[in-house]
């Protein structure tokens, strides 16, 4: 394994590397608890300084007047910088989050592809000449909002950063990025790459810090024109209330409790492999994790038996080991919270079919590990079937028919994703259309394309990211009418021949 130097403890504030003046942030390796970096976080004063520099940079004609294809060049260069430094970035993210190196390598490639996609989309994104209803030329044009905030979670920072920063820059904005305090390092590394790409100074900042201080500033400040947030539903609700006071647009990608549905006619091997990946990859720390499994009653016992046997074979271990499938959770505190939810479910009558414990052995003693867990004997309204666990925990439930499983799937406050496993395409289509959710996978799970919009329903959020229209979300639409007659408006009853 290559070992790379981790980013320094300085923050990227308005295009300058400076020591933060806020509360201390500790980045630790979840595999053994060793310290990566101790970073002075961003204070409110640091954020205000970043905002001041961002406003000046965004208003500078050198940036604001660039043609779309000229802005796209910066995105292409950032993509190349990510590709060139892929091994280093993946290493940093694994140290910061505990994700397997295999997964972080894929996330880095995804981030580069995201910048490249939005560069290409920007070059071919047209404004509209609308159909006139009179003697005038009418157009619909789009302009930058100005200054936007991007607030990203700790579970997949490099990919989440790219999905917000790339379209916001493509739209011509300045961007203030606040990564989570548990995983600040890879976002600071992104800042180094953005700087090397030659983006005008001040247009991009990375401000890890306390939510109550820097997070609130990046929502409440009157110069912030839009916020894109990925994180927990409770925080999302609070942010939405703050945004409403400003009449400011937001996009909120929040929690999930996604159902996975296995019909009796499904390809069993395909379904088991997809379900394992859907809930236990990323150690279950995914908003789209397929954490509620509904299995048609006629195959329930045999299917769950095979699934449990396969779950027990998953390799739990060091995220830098190429054989590891389930790595540690991001932090011991988070691991303990997951364990507490499982313990509460067992106290309420849940049956542990496998897992439900911290793995034993010296390799696990200092890390934030938790075994892949399958729970049965639950009703769909049990707390653990309703609340997001954000860990490697799967609840299995039987269903009787199509109508039953649709009703049970929808009987939840979340609506982010869903998986359907069947060989019957009409049934898959009916089910996919009937589930209230933002994304449905049929005979697969956790497959993504930057070209396909993503977002949630109900308590899973509002708004969409990705896709060509993802750039427009960071722009203001303006209508322009140009008179073609040269004559005064008849309402004024302008005297004929008057000067």
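Data overview
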| item | result |
| --- | --- |
| Distance between segment 307-370 and segment 209-251 - C-alpha centres, whole angstrom | 33 Å |
| Inter-centroid distance (Cα atoms) of segment 424-499 relative to segment 1-67, Å | 33 Å |
| Residue 360-residue 483 FRET efficiency (beta carbon distance; Förster radius 56 Å; 0.05 resolution) | 0.10 |
| Rounded tilt (10° steps) of 332-347 against the dominant C-alpha axis of the chain | 50 degrees |
| Calculated [θ] (222 nm, deg cm²/dmol) that DSSP helices of n ≥ 4 give over the chain, each run adding -39,500 (n - 2.57) | -11500 deg cm²/dmol |
| Cα-based helix-to-principal-axis angle, 86-97 vs the chain, degrees rounded to 10 | 60 degrees |
| For segment 108-251, share of DSSP beta bridges that run antiparallel, in % to the nearest 5 | 20 percent |
| Efficiency of FRET from Cβ geometry, residue 237 and residue 76, R₀ 35 Å, rounded to 0.05 | 0.40 |
| Segment residue 337-residue 135, length gained on full extension (0.36 nm per residue, minus Cα span) | 66.1 nm |
| For the chain, share of DSSP beta bridges that run antiparallel, in % to the nearest 5 | 45 percent |
| Cα long-axis angle, helix 68-84 against the chain (0 to 90 degrees, to the nearest 10) | 30 degrees |
| Among beta bridges that DSSP assigns inside segment 345-492, antiparallel share in %, nearest 5 | 45 percent |
| Label-point gap, in nm, between residue 451 and residue 424 - each point 7 angstrom along Cα→Cβ | 3.3 nm |
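Every read-out reported here was derived from the displayed coordinates using simple, explicitly stated rules and does not represent laboratory data. These numbers come from a predicted model, not from an experiment. When we count neighbours, we look across all protein chains shown, and the Cβ atoms used for this are built from the backbone with ideal geometry, even at glycine.
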